[in-house]
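For reference, the structure is listed below as structure tokens.
No lab work stands behind these numbers, since they all come straight from the coordinates. Not measured: the values here are computed from a predicted model. All Cβ positions, glycine included, derive from the backbone under ideal geometry; neighbour counts span all protein chains shown.
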Amino acid sequence: MCCSVFLSCRYFARDASYAHRYAKHVSTTFYDDSDYIQVKQMILSDVFTGFRVQGNERMHCPPIRPGERWHRFNSMVDNVYNPAIY
């Protein structure tokens, strides 16, 4: 997939707490006037990231890997050594 988090694409977070902030709100259950819970929906998945490179908002496609003629990096991340966003 050639796109980044800044376009209309899917991305993945390493930490569920980060993804929870962007999870879809699906319902609210009220127990009484002051007590309620909000239910959100998230998908848990294993993601194969392949060869990764640090991305930014100006990158629309991963760059071609060094020493390669046609093969691009497979994914763009926020930090190559400790990625939190893929």
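HN-Hα J couplings of region 50-63 from phi, Karplus 6.51/-1.76/1.60, θ = phi - 60°, integer Hz, Gly and Pro as x?
After applying 6.51 cos²θ - 1.76 cosθ + 1.60, I find x, 7, 10, 9, 5, x, 8, 5, 8, 8, 9, 9, x, x Hz.
Counting only residues 5 or more places away or on other chains, whose amide H sits under 5 Å from the amide H of Lys40 once H atoms are built in the peptide plane?
Val26
If we count every other residue with Cβ under 9 angstrom of Phe51's Cβ, Lys/Arg +1 and Asp/Glu -1, where does the sum land? Walk me through the numbers on the way to the answer.
Numbers: positive: Arg52, Arg65, Arg72; negative: none.
Neighbour charge sum, excluding Phe51 itself: +3.
In terms of modelled amide H atoms, which long-range or inter-chain residues lie less than 5 Å from the amide H of Arg65?
The list, which skips near neighbours in sequence, is His71, Arg72, Phe73.
Quick one: which of 69-80, 45-56, 16-27 comes out on top by average Cβ neighbours within 10 Å, and what's the full order, highest first? Write out the running numbers ahead of the final one.
Working: 69-80: 14.8, 45-56: 11.8, 16-27: 10.3.
Top of the packing list down: 69-80, 45-56, 16-27.
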